[in-house]
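Trainee: Sending over a structure as structure tokens; questions will come in a sec.
Computed from the coordinates by the stated procedures, all read-outs in this text should not be read as laboratory data. Predicted model, so just to flag it, every value in this text is computed and none were measured. Cβ placement follows ideal geometry from the backbone for every residue including glycine, while neighbour counts extend to all protein chains displayed.
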Amino acid sequence: MTIGPWSLSAWTANASRGARLAVGVWLMVLWATVAGAEPRHVVLLQSFERGNIVLDEFTSTLRKLMGERSPGPVTFMEFVISPAGFRAIPEQAMVEFLRSSYANRPKPDLVITTGGPAAAFARRNREEMFPGVPFLYGAVDQRFLTSGAFGELETAVAVANSPTGVVNDILQLFPDTKRIFVVMGQGVLGRFWREEFEREAEAFRDRVRFEWPDEMSYMAMLQYASKLPPHSAIFFVSVDVDSEGVTYPTSRVLTDLRTSAAVPVFGAQSSELGLGLIGGHLMDIHQVSATTADAALRVLSGTSPALIKTPIQQPGPPTFDWNELDKWGVSEDRLPPGSRVLFKKPGMWVQYKWAIVGTIVVLIVQSLLIAGLLVNRARRRRAEQSMRESEERFRLLANAAPVMIRMSGVDSGSTDFNIPWLNFTGRGPEDERGRGWLDGVHRDDLDACRKTHQQAMEQREPYRHEYRLRRADGEYRWILESGEPRFTPDGSFAGHIGSAIDVTDLKAARATLSNLNRRLINAQEQERSRVARELHDDVCQRMVTLAIDLHQFGEALPESAADARLRARDLYDEVRTLGQDVNAISHRLHSFKMGMLGLAPAAATFCEEIAARHRVTVEFDHQDVPSQLPEGVAINLFRVLQESLSNAVKYSGASRYQVSLRATADGLELVVADEGRGFDVAAAMKASGLGLLSMQERLKLVNGEVAIESRPGLGTRVRATVPWQAAPVAVQAFSVR
């Protein structure tokens, strides 16, 4: 006999095992208390074991809703007061068992009963089992609660089951019904409803004869149901226990009845619909569970049970199983107004709607395609004529263009060239077609040229690259070629069309300008270094000497010349501060620490100076930065750090900055980031300031790049990279995202 997770027979035979289980439950509660919010402990007193569909749905829904809606954890302990196989357990033995289960641990916060037998049992023994504990009687018919008024710690969510309502449903669907076989068990619940039903069914005595399974076994009930004559019906209540003392799950009983019964089966509970019941005014068990969960949570939150007045739950609107209506030939016109029909199979149109629509659409599309083909045939002829004329106009335009034009097919082989291209190379069209034009490409640029065109062809994307091409006089000239993909009117890829210009003179001018920038920046660094040395070695030293002299002069004054001594101290402090400022200017002009210790220590010192001067936080980290770097790399990265961090502190409005300097597989990377107000990078580049351009030009001298990511309100991130093989280049390396 199972009572919750415990066995009553095992408890009576071996008390030590029950004690161990009780200790285990207590430890679980203690763990939940330590782990988080203190759990609320609820005892569920079940009328029957698992298998009663109505009470099973009620209990599972109740536990689920309370767990979801409760602000803290809720633990449940279930006990069954009428276990299967024990038809004559003394009530006092059950009371003693429940009381002893909580003898050595805290009382539950709430006791919830499910079903009529459990509610009646709890009302009789509440004070003896759990004195001072609130009780909530759930899923209980109001007829079980007539034995006196509720106390301060009692409340209920009662239901009003209506056997006469079920009989009315039977007679409305089957007006010729003369006999109703009432299927119910021989246990406590069956005996209770037998008495109630006989009393309430008096109103139908002149119209319907009621038959009861007196002392029938389960199999005898099924046989009797299978032999019922026409104009009969079955009213299923429950089979808690048959005459032989055996309990059967509700699902099995309904399935067996549906298979063997020769007449329709009716019931009163929503949980049983879909298992063979034809339907009617059913009690909505899910709604009963939700109402009970709300009442239980109110009790757990501190509301007195006596203040919780829940209306008696009534059967819901008439609800029917379409499959059963169809089986017994009941038209929906005979159903009460406002009825709901569930499990209804879709009609032919609903089942095959999309197949029918698809077939019609296909026929329409085919007709349109045939018409379209005829129209397109005429259009194609006109288009071919127009295309020939257009190609001729394009050829005239291409030959007159001041750039070289080359057209390629889907295999990247060239098909056409304009006259400026042929004049430049001094070769004929037949020599250049296919891959013949590659004969004029410089051998050092040939692989890159092939790779660029192959990738553009495979990806169907534009391309742009520079390469050296032999001119008719034999001189190799730098060519900048840009290509765009071509597509036919039907969207098919047709190759590329490229335009090229001679940029040799432009590259030479760019190289000259780059060399000039290098010389200017080098001259600037030399001048900075000279001024820094003058300040550090001469002016700073002289100011230090002057500060020492002022200090000694003040100390030499007599005590009587207090004002003079105070003035001498003030002059000493001013001269010392001025010397520190001049020394800081010297370091900003030229970092002597970088020359002695390397880039990372110099960057760290600069970050500390910025943080101290502006009273902000600068987080600096570095990783694997060599102390010896290629010429120009250290000083140019240091200048980028100075410019970017100074600008960030001056304009961003942030109080925290991140600076990262690290070595990568490709070179060095410097990142300066803030979460300040940000700015429009494109607009800043067009302004007259030289800071951003200075960073660009400096890194260009060592083949580096700088990228600035910033948007108003989203902060700024400056990322500078320099490759290990730092060498000056003549191309602009600046990206903005």
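Trainee: Mind giving me the FRET efficiency for Gln92 and Lys327? R0 is 41 Å, r the Cβ-Cβ distance, nearest 0.05 is fine.
Mentor: Rounded to the nearest 0.05, the efficiency is 0.25.
Trainee: Pairs of alpha-carbon atoms within less than 8 angstrom and 6+ residues apart define the contacts here; what relative contact order does segment 401-502 have, in percent?
Mentor: The value is 29 percent.
Trainee: Go through segment 124-171 and name the chymotrypsin sites (Phe, Trp or Tyr not before Pro) that are in a DSSP coil and have 16 or fewer other Cβ atoms within 10 Å of their Cβ. Let's see the in-between values first.
Mentor: Numbers: sites: Phe135, Tyr137, Phe144, Phe150; in loops: Phe150.
Taking segment 124-171 and a limit of 16 other Cβ atoms within 10 Å, the loop chymotrypsin sites (Phe, Trp or Tyr not before Pro) found are Phe150.
Trainee: Still on this structure, please answer the following. State the extension gain, in nm to one decimal, for the chain segment bounded by Ser147 and Ala684, taking 0.36 nm per residue of separation less the distance between their alpha-carbons.
Mentor: Stretched out fully, the Ser147 to Ala684 stretch lengthens by 184.6 nm.
Trainee: What is the extension gain from Ala203 to Gln552, computed as 0.36 nm multiplied by their sequence separation minus the C-alpha to C-alpha distance, in nm to one decimal?
Mentor: 113.2 nm
Trainee: Next question. What's the FRET efficiency of Ser627 with Asp570 using the Cβ-Cβ distance as r and R₀ = 51 Å, to the nearest 0.05?
Mentor: Details: r = 43 Å, r/R0 = 0.84.
Efficiency for this residue pair is about 0.75.
Trainee: Points 7 angstrom from Cα along the Cβ direction at Val362 and Arg542: gap in nanometres?
Mentor: The modelled label-to-label distance comes out at 10.1 nm.
Trainee: What share of the DSSP beta bridges in segment 610-670 is antiparallel, in percent to the nearest 5? Each step should come with its number before you reach the end.
Mentor: Numbers: 3 of 10 bridges.
DSSP beta bridges in segment 610-670 are roughly 30 percent antiparallel.
Trainee: I'd like the distance separating the alpha-carbon centroids of segment 401-459 and segment 550-565, in whole Å.
Mentor: Cα centroid of segment 401-459 versus Cα centroid of segment 550-565: 89 Å apart.
Trainee: At a 10 Å Cβ-Cβ cut-off, how would you order Trp421, Trp322, Trp193, fewest neighbours first?
Mentor: With the sparsest Cβ surroundings first, the list reads Trp322, Trp193, Trp421.
Trainee: Here's another thing I want to ask about it. Using label points projected 7 Å from each Cα along Cα→Cβ, tell me how many nm separate Val246 and Ala160, to one decimal.
Mentor: 3.9
Trainee: Let me ask something additional. Would you please put 256-264, 457-465, 275-283, 178-186 in order of how densely packed they are, using the mean number of other Cβ atoms within 10 angstrom per residue and starting with the highest?
Mentor: Working: 256-264: 17.8, 457-465: 13.8, 275-283: 23.6, 178-186: 20.9.
Top to bottom by mean Cβ count within 10 Å: 275-283, 178-186, 256-264, 457-465.
Trainee: How about segment 129-225: which GluC sites (Glu not before Pro) there are in a DSSP loop, with at most 12 other Cβ atoms within 10 Å of their Cβ?
Mentor: Glu152, Glu215
Trainee: Taking the Cβ of Ile278 as the center, what net charge do the other residues with Cβ under 13 Å away carry, scoring Lys and Arg +1 and Asp and Glu -1?
Mentor: -3
Trainee: Which of the peptides 51-58, 333-340, 98-105 is most tightly packed, and how do the rest follow, going by the mean number of other Cβ atoms within 10 Å of each residue?
Mentor: So the order, starting with the most tightly packed, is 51-58, 98-105, 333-340.
Trainee: Using amide H atoms built 1.01 Å from N in the peptide plane, name the residues 5+ places from Asn52, or on other chains, whose amide H lies under 5 Å from its own.
Mentor: Close amide H contacts, sequence-distant or interchain: Thr250.
Trainee: Pop out the ³J(HN,Hα) list for segment 69-78 in order, Karplus 6.51 cos²θ - 1.76 cosθ + 1.60 with θ = phi - 60°, rounded to Hz; leave Gly and Pro as x.
Mentor: Whole-Hz 3J(HN,Hα) from phi for segment 69-78: 8, 6, x, x, x, 10, 9, 10, 10, 9.
Trainee: Which of Leu566, Leu254 has the fewest other C-beta atoms within 10 Å, and how do the rest follow up to the most?
Mentor: Sorted ascending by nearby Cβ count, the order is Leu566, Leu254.
Trainee: What residues qualify as long-range amide H neighbours of Met283, i.e. H under 5 Å apart, gap of 5 or more or another chain, H built at 1.01 Å from N?
Mentor: Distant-sequence amide H within range of Met283: Gln269, Ser270, Gly316.
Trainee: To the nearest 0.05, how large is the calculated FRET efficiency for Thr617 and Asp490 if R₀ is 60 Å and r is the Cβ-Cβ distance?
Mentor: It comes to 0.45.
Trainee: Using the Karplus curve 6.51 cos²θ - 1.76 cosθ + 1.60 with θ = phi - 60°, what ³J(HN,Hα) values do you get for each residue of segment 668-681, in whole Hz, with x for Gly and Pro?
Mentor: 3J(HN,Hα) across segment 668-681, in whole Hz: 10, 10, 10, 10, 10, 9, 8, 10, x, 7, x, 7, 8, 5.
Trainee: Next question. Testing the spin-label approximation: label points 7 Å from Cα along Cα→Cβ at Ala707 and Ala306. State their distance in nm.
Mentor: Label-label distance for Ala707 and Ala306, simple model: 7.5 nm.
Trainee: Per residue of segment 319-334, what does 6.51 cos²θ - 1.76 cosθ + 1.60 with θ = phi - 60° give for ³J(HN,Hα)? Whole Hz please, x for Gly and Pro, Karplus curve as stated.
Mentor: Calculated HN-Hα couplings, in order: 10, 9, 8, 4, 4, 6, 4, 5, 4, 9, x, 9, 6, 5, 5, 8 Hz.
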